[in-house]
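One structure below.
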Amino acid sequence: MKKFATALIAAGLVLTASACTAPTKLSTKETCERVQVVISNPSNGGGQTRTGLVRLANQLRPIEAVASDDLKPALGSLLEYADEASKENPDQDKMAQMQGNSQAANTALSTFCR
């Protein structure tokens, strides 16, 4: 019985270890495709409302985690901006500073995602 239990535990550990492998990085094209799906989702309200910004950011987070090296900084800037803008009382000085980064991120997305 001990051997069976040991084998069962070992098998479980192997399965657990294989499930914890790092996610693979997306290509720039794959990243663009996923971002375009999120941006075109009408439930995000175009990022115009606080709720829309929260939804948009929450849908972009998993993409940013595996995004291509070209688009990872742009997505990070967009997430940072969306997080601050979706606060109940966003810091206007911080928002003004992030505005430039957000515009650069949009430019990068439009450059890479044609």
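Each value in this text was obtained by applying a stated rule to the coordinates, not by laboratory testing. Since this is a predicted model, take the numbers as computed values, not measurements. So basically every Cβ, Gly included, is an ideal-geometry build from the backbone, and we count neighbours across all protein chains shown.
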Checklist entry - Which of the peptides 51-62, 80-91 is most tightly packed, and how do the rest follow, judged by the mean count of other Cβ atoms within 10 Å per residue? => result 51-62, 80-91
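How would you rank 63-74, 93-104, 31-42, highest first, on the average number of other Cβ atoms within 10 Å across their residues?
Descending mean neighbour count gives 63-74, 31-42, 93-104.
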Checklist entry - Tell me which aspartates and glutamates have Cα within less than 20 Å of Lys94's Cα, excluding those fewer than 8 residues away on the same chain? => result Glu80, Asp83, Glu84
Next on the checklist: Please report the spacing between the Cα centers of the range 74-92 and the range 100-114 in Å, no decimals.
Outcome noted: 16
Item to check | Eligible aspartates and glutamates near Lys29 by straight Cα distance, threshold 13 Å, same-chain separation 8 or greater | outcome: Asp69, Asp70
Checklist entry - Under a Cβ-Cβ cut-off of 12 Å, what is the net charge of the residues other than Asn58 that fall near it, where Lys and Arg count +1 and Asp and Glu count -1? => result 0
